[in-house]
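Inspection log for the structure reproduced underneath, given as structure tokens.
The values are calculated or read from the model by the stated rules, or taken from the named source; none is laboratory data. All of these numbers come straight from a predicted model, not from anything done at the bench. Glycine gets a Cβ as well: all are built from the backbone with ideal geometry, and neighbour counts include every protein chain shown.
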Amino acid sequence: MRRCSPFLLFTTILTCLLLVVFASGSPATKRTPVQVYNKYCVECHGTDGRAKTRKAKFNHARDIADPKWQDDVTDERIYNSIMNGRNVRGNMPAFSKKITDQEADDLVTYVRQLRK
Ligand code: HEC
């Protein structure tokens, strides 16, 4: 008696793999905070949030890794600044048309992790 057909085994593994891919959602619609940050924020704030790029200096972008600023600011304000922009000392564009509420929420958490 045969214990296991190689074809059956192959089909089972393939089905499992496909299930995992579908269960984790379509990667095209869901972006990770890192992807969003790298796409929209890095050019001004830099990978580490320190705003040391030439464009950052030009726009007077803020150092969002600065622990003193991190202590002063609430999550709500960070969220608002990202979605509506901020033009107090520089020119931070609004992102409410480019990212979802959920992505903005995730960015707040991401910004908190940039703290040095
Ligand atoms: C065109 C350059 C530019 C881009 C792109 C940009 N920022 Fe800014 N960002 C700024 C400037 C300039 C400021 C300072 C604004 C001010 O205080 O007037 C700032 C400030 C901030 C602040 C502090 C706001 C506050 O209330 O003190 C946060 C947080 C921030 N940016 C996050 C982000 C995130 C997240 C993204 C990407 C979605 C992003 N920024 C994209 C230029 C930029």
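Data for the structure
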| read-out | value |
| --- | --- |
| Boolean, G49 is near the ligand (Cβ under 9 Å from one of its atoms) and closer than 26 Å to K30 by Cα | yes |
| Leading residue by the ranking (surrounded by the most Cβ atoms within 10 Å (Cβ to Cβ)) among those in the stretch 97-113 that are closer than 11 Å to I64 by Cβ and more than 9 Å from the ligand (Cβ to nearest atom) | R112 |
| Residue list for the stretch 50-66, filter: over 20 Å from S96 (Cα atoms) and either at pLDDT 95 or above or among the aromatic types (F, W, Y) (or both) | R50, F58, D63, A65, D66 |
| Pick from the stretch 1-38, criterion at pLDDT 75 or above, polar (S, T, N, Q) and outside any helix (DSSP H, G or I), ranking: surrounded by the fewest Cβ atoms within 10 Å (Cβ to Cβ) | S5 |
| Filtered residue count, the stretch 39-68, keeping only those that are under 15 Å from the mean Cα position of the chain (by Cα), of a type in the set (D, E, K, R) and part of a loop (DSSP other than H, G, I, E, B) | 1 |
| Cross-chain or 6+ apart pairs with Cβ under 6 Å, the stretch 67-84 first and under 17 Å from I99 (Cβ atoms), then near the ligand (Cβ under 9 Å from one of its atoms) and in a helix (DSSP H, G or I) | D75/V108; I78/V108; I78/V111; Y79/A104; Y79/V108; I82/A104; I82/L107; M83/A104 |
| Subset of the stretch 70-116 [hydroxyl-bearing (S, T, Y) and over 12 Å from the mean Cα position of the chain (by Cα)] | T74, Y79, S81, S96 |
| Out of I78, I82, sole residue that is near the ligand (Cβ under 9 Å from one of its atoms), touching a strand residue (DSSP E or B) at 6+ places or on another chain (Cβ under 9 Å), outside any loop (DSSP other than H, G, I, E, B) and of a type in the set (A, V, I, L, M, F, W, C) | I82 |
| Number of the exception - A94 against (1) within 10 Å of the ligand (Cβ to nearest atom); (2) in a helix (DSSP H, G or I) | (2) |
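Residues checked against (1) closer than 24 Å to R31 by Cα; (2) of a type in the set (F, W, Y):
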{"position": "H60", "(1), (2)": "no, no"}
{"position": "E76", "(1), (2)": "yes, no"}
{"position": "Y79", "(1), (2)": "yes, yes"}
{"position": "T100", "(1), (2)": "yes, no"}
{"position": "D105", "(1), (2)": "yes, no"}
